[in-house]
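The values are calculated or read from the model by the stated rules, or taken from the named source; none is laboratory data. Everything numeric in this text was worked out from a predicted model, so none of it was measured. In this analysis, Cβ positions are derived from the backbone assuming ideal geometry, glycine residues included, and neighbour counts consider all displayed protein chains. Note: areas computed on protein heavy atoms with side chains; ligands, DNA, RNA excluded. Shrake-Rupley method; radii C 1.70, N 1.55, O 1.52, S 1.80 Å.
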Amino acid sequence: CHVSVAPTQLDFGSVEQGSNAVRQVTVTNTGTGSQTCQLTSVELEPSPLNFQLVGTYNNVSVPVGTSLSISVSYTPQTALEQGAGGIVVHTSDRTAANTRVPLTGNSQTLTFSFAGAIEKKWADSFC
């Protein structure tokens, strides 16, 4: 069997602190004939708390010409967080048995602007 994994890196961009974003990595069996590939497992590396696998992906058959989507979520826990980690996709393809996909993301903090309200209150006080 022959497996391709895309994208080769997954960037979640800016995600609001405490919220989460979900992205997919696709495993495709691009082989020919009737060679079914096995997706033996998917693991987080180094298992950071802010990235999580959505679902389990153990011993899944991927027939020729089909794909499997692996969902990963990112939930930044702190302000100004720079999330980094990866997932490793383990398959029966000897040339791509352990494919690592780097994961990145950062937190976006909420900002509030009180300037307009303060200016209006000040103007109302003196007019």
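For segment 38-70, the set of residues classified as touching a residue at least 40 places away in the same chain (Cβ under 8 Å), within 16 Å of the chain's Cα centre (by Cα) and over 20 Å from Glu81 (Cβ atoms) consists of Val42, Glu43, Leu68, Ser69, Ile70, listed by residue number. Every test in (1) open to solvent by 20 Å² or more (accessible area, probe 1.4 Å); (2) under 12 Å from the mean Cα position of the chain (by Cα); (3) not basic (Lys, Arg) is passed by Ser73 save one, and that test is (1). Exactly one residue among Leu10, Leu39 is surrounded by 14 or more Cβ atoms within 10 Å (Cβ to Cβ) and touching a Ser or Thr at 6+ places or on another chain (Cβ under 7 Å), and that residue is Leu39. Filtered by the rule that a residue be small (Gly, Ala, Ser), modelled with pLDDT under 70 and closer than 30 Å to Asp11 by Cα, segment 91-127 gives a lone residue, Ser113. So which residues in segment 13-25 are open to solvent by less than 50 Å² (accessible area, probe 1.4 Å), within 20 Å of Thr56 (Cα to Cα) and touching a Phe, Trp or Tyr at 6+ places or on another chain (Cβ under 7 Å)? Ala21, the sole residue that qualifies.
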